[in-house]
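Structure first, then comments.
The values are calculated or read from the model by the stated rules, or taken from the named source; none is laboratory data. Just so we're clear, the structure is a prediction, and the values are computed from it rather than from any experiment. All Cβ positions, glycine included, derive from the backbone under ideal geometry; neighbour counts span all protein chains shown. Areas reflect the complete protein model, heavy atoms only, side chains present, ligands, DNA and RNA absent. Shrake-Rupley method; radii C 1.70, N 1.55, O 1.52, S 1.80 Å.
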4 protein chains.
Amino acid sequence: MARPRSADKRSSILSGALHTIASQGPSVSTAVIAQAAGVSNGSLFTYFETKADLLNTLYLDLKAEMAGAALKGLPTDRELREQLQFMWAHWLHWATSSPEKRRTLAHLDVSDEITAESRKTAHEMMAGIARLLEASRAHGPMQDMPLAFVLALLSALADTTTDFILRDPAKADEHCEAGFNALWRMLT
Amino acid sequence: MARPRSADKRSSILSGALHTIASQGPSVSTAVIAQAAGVSNGSLFTYFETKADLLNTLYLDLKAEMAGAALKGLPTDRELREQLQFMWAHWLHWATSSPEKRRTLAHLDVSDEITAESRKTAHEMMAGIARLLEASRAHGPMQDMPLAFVLALLSALADTTTDFILRDPAKADEHCEAGFNALWRMLT
Amino acid sequence: MARPRSADKRSSILSGALHTIASQGPSVSTAVIAQAAGVSNGSLFTYFETKADLLNTLYLDLKAEMAGAALKGLPTDRELREQLQFMWAHWLHWATSSPEKRRTLAHLDVSDEITAESRKTAHEMMAGIARLLEASRAHGPMQDMPLAFVLALLSALADTTTDFILRDPAKADEHCEAGFNALWRMLT
Amino acid sequence: MARPRSADKRSSILSGALHTIASQGPSVSTAVIAQAAGVSNGSLFTYFETKADLLNTLYLDLKAEMAGAALKGLPTDRELREQLQFMWAHWLHWATSSPEKRRTLAHLDVSDEITAESRKTAHEMMAGIARLLEASRAHGPMQDMPLAFVLALLSALADTTTDFILRDPAKADEHCEAGFNALWRMLT
DNA sequence: AATGAATGAGGTTTCATTCAT
DNA sequence: CATGAATGAAACCTCATTCAT
């Protein structure tokens, strides 16, 4: 496996892609990405076979980071509601404190360069969140819906709430709580 | 008088754009759009000044159609809940029976070719829906949230529900109802 | 000979071409010319077979007008020097008082749409001027040069002088005289 | 280090532009220029940012070459008249022995792609010639004219003379001398 | 391995000319 | 005859990817 030497350079490229895609969308040229990474045009292609490869990698990295952030430190000994709220708050915190990453993720989510396989892998990264959600909806009105449906709703709610927090950061806590309450009412 | 500008040809182009964007995203070339419309490359530009112009027009057409479909025949003499449910059902019906239009709309919604003005106009087209939602949340737990927030939640829920109906059309009614109940629990 | 009906429309087109070429060069589109003429796109082509045809016609019209202006009222009973000076003054007067025509003529003179035949015809229109010049140089130092050479020098001098008059109109008379004196010194 | 930008290729492109513009005018497509240079369509744009950039560069190169040729080896210890004649002869020699360059320069001189700045730079390149001319006309009848006017006359004379030499090369020396004598009579 | 020049297909838009009305 | 929509061939420039250095 011919892994290229410098991990630094690899992550520089990912970081360059992150910044430039956040502001210009996934149609930024590889030249611009390379420049933002402080790397040569051609080097980009020794670390990533194609532009699509780079995009998919970045997509998965960000998804993993997001899922990790949402679950890190989860107080598994507490009540379910508390655990879910913890996850919710951490999700929103990650999203609102990394607006560039979130923006890039949003761009990539609708890009047709992202393969079905990547989307599947990303879905699997949400397993921890899914488990929590599964338990939360177990005895409520959504117990018979496909779990994927409930997960999608959660995602949509989190995303919408994030939008409004970013628009009016002063009310971050308020919106966060209101969003969670809405979610909880939906589930139980 | 010369050959008049043909309304047919204009809508052929819009329709060509609809089909091709649905499957290939808004980056389809104008040449492909023209071909899909059965029109010459150059003709596209006698009906739309630029590609962006075409995209914005299509966007507004679709938004208007969607909003219209959701509210057409609204039984204003019934209970609020019933009205909201009517709107919900018609929205979903439009979205699930016009999957190409919905897909194109989703593409355009995140395209940076759509101007702020178009987005504003599109927002205004949702006024009727907004009014209904305003009344529905008036006395419930979301009464103090920005209406735009609640509207965004509605949109996200509708969109997610549509996804699942398309994935499993046999359960259309079931999903439709479940989605509405979730919405109603959120609002009241 | 199917001469189109309206002479008015024909000259409108020529006039539209005059104005637009003066300001935008001979690469103006036929659509812009037609618009400036208050005529439809297509009509231009019933009066002139091609754009090149229009350009050549305009070229010859302007050349003829210029040559005519230079010689009109020539006092054939006066001394040769006086006649030449009369012609010189009238040439400059035409050029400086019709700057748009002169500018268009300059554009057309270097355009590759103007055919060799047009250039030849234009040359023939200068016959009157040439005759005057021929007489003027007859006994001087340029008596053995090709007449065309002397004519070209005259043209170049007139053109350069016109440039400077337009740049500083207050000194029109002064420049006119200085230019003529230079010419006369060259010839005699 | 990567493959360095090749000076050869750059001058191939300039040379391709020179040949094609000489015969087809400045409206030749970049594709044709690239082909004439034996270079790919896209490569042209790694050496010149835009077509206008290429045109302006070529313009200045040619102007510099012309001015250089006119003054190279100027016998500054000789009489003024002799110096001026030397410059005149070398100018004509360059122009008549590089007819393609001269033709291209004539095309570019009237092209609206050439910027005001380029024209200014080109003007400055004529400083040496201007100085010589200034001295030559100092005590003669043109002493009070703007120097730019006299310079323009010189240019026009040289250009016209060149035309006639190219038309009848056998009489090159004769025309060259006749032209110079005409110039000298004008100046003194 | 790193660099950036080389490539040529492809994108949007313009335009002279034709032709339906 | 007048009109202006229709056409499709360019035009300039960008870009992902390859490859010489």
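Label-to-label distances across copies for B:Thr50, with labels 7 Å out along Cα→Cβ, in nm, shortest first?
1.6, 3.0, 3.4
Can you work out D for segment D:69-169 in µm² s⁻¹ from Stokes-Einstein, where Rh is the Kirkwood radius over C-alpha pairs, the temperature is 4 °C and the viscosity is 1.567 mPa s?
88
Tell me: how much accessible area in total is hidden between C and D, 1.4 Å probe, Å², nearest 100?
Interface area, both chains combined: 1900 Å², rounded to the nearest 100.
Can you give the FRET efficiency for B:Asp109 and D:Ala89, using 1/(1 + (r/R0)^6), R0 = 51 Å, r = Cβ-Cβ distance, to the nearest 0.05?
Efficiency at R0 = 51 Å is approximately 0.10.
Please give the calculated 222 nm ellipticity per residue for chain A, where each DSSP H segment of at least 4 residues contributes -39500 (n - 2.57) and the sum is spread over every residue; nearest 500 deg cm²/dmol?
Estimated from H runs of four or more residues: -23500 deg cm²/dmol.
So, in nm, how far is label C:Glu134 from label B:Ser23 when the simple model puts each one 7 Å beyond its Cα toward the Cβ?
Distance between the two pseudo-spin positions: 7.6 nm.
In 10 Å bins starting at zero, report the fraction of Cα pairs in the protein assembly as shown per bin as a rounded %.
Distribution as computed: 2, 10, 15, 16, 12, 10, 11, 10, 7, 5, 2, 0, 0 percent.
Let me check something: with ligands and nucleic acids excluded, how do A:Glu49, B:Glu174 order by accessible area (1.4 Å probe), largest to smallest?
The ranking, largest first, comes out as A:Glu49, B:Glu174.
At 7 angstrom along the Cα-to-beta-carbon line, where would the label on C:Arg167 sit relative to the other copies? Give the distances in nm, shortest first.
Label-point separations across copies, in nm and ascending: 2.7, 6.1, 7.6.
To test your reading of the geometry: what angle, between 0 and 90 degrees and rounded to tens, separates the Cα axis of helix D:51-71 from the longest principal axis of chain D?
Result, in degrees: 30.
With a cut-off of 8 Å between alpha carbons and a minimum separation of six or more residues, what is the relative contact order of chain A in percent?
Relative contact order, chain A: 21 percent.
Suppose we consider the axis relating copy B to copy D; can you name the residue of B with the nearest Cβ and state that distance in angstrom as an integer?
B:Ala31, 9
Calculated FRET efficiency, B:Thr50 and B:Thr188, Cβ-Cβ r, R0 60 Å, to nearest 0.05?
So the FRET efficiency works out to roughly 0.85.
Ranked from the most accessible area to the least, with a 1.4 Å probe and all protein chains present, what is the order of C:His19, A:His139?
Descending accessible area places them as A:His139, C:His19.
Sort shortest first the distances from C:Glu124 to its counterpart in every other copy, using label points 7 Å along the Cα-to-beta-carbon line, and give them in nm.
5.0, 6.6, 8.8
So what's chain A giving for Cα Rg divided by 2.2 N^0.38 Å, two decimals?
Output field value: 1.14.
To the nearest 0.05, what FRET efficiency results for C:Ala31 and C:Ser11 with a Förster distance of 25 Å applied to their C-beta separation?
It comes out at approximately 0.85.
Once you charge only the Cβ atoms, +1 for Lys and Arg and -1 for Asp and Glu, what is the size of the charge dipole of segment D:51-187 about its Cα centre, to the nearest 20 debye?
80
Show me A:151-162, A:124-135 ranked by packing, highest mean number of other Cβ atoms within 10 Å first.
The packing order, highest mean first, is A:151-162, A:124-135.
I'd like the accessible area for D:Lys171, computed on protein heavy atoms only with a 1.4 Å probe and all protein chains in place. Round to 10 Å², please.
For D:Lys171, solvent-accessible area is about 90 Å².
Once neighbouring chains are kept in place and the probe is 1.4 Å, which whole percent of the accessible area of chain A is contributed by carbon and sulfur?
Result for chain A: 51 percent of the exposed heavy-atom area is carbon or sulfur.
Quick check: with the 1.4 Å probe, what order do B:Ser118, B:Ser11 take by accessible area, largest first?
Highest to lowest solvent-accessible surface, that is B:Ser11, B:Ser118.
How tilted is helix C:80-97 with respect to the longest principal axis of chain C? Cα atoms for both, answer in degrees (0 to 90, nearest 10).
30
Which whole number in µm²/s is D for segment D:1-48 by Stokes-Einstein, with the Kirkwood Rh taken over Cα pairs at 20 °C and 1.002 mPa s?
200
Accessible area per residue of the protein assembly as shown at 1.4 Å probe, in Å²?
50
Compute the acute angle (0 to 90°) between the alpha-carbon long axis of helix A:116-125 and the principal axis of greatest extent of the alpha-carbon atoms of chain A; round to the nearest 10°.
50
Between their Cα atoms, which of A:Lys72/A:Lys101; A:Lys9/A:Lys63; A:Lys101/B:Lys120 are more than 23 Å away from each other?
Among A:Lys72/A:Lys101; A:Lys9/A:Lys63; A:Lys101/B:Lys120, the Cα-Cα distance tops 23 Å for A:Lys101/B:Lys120.
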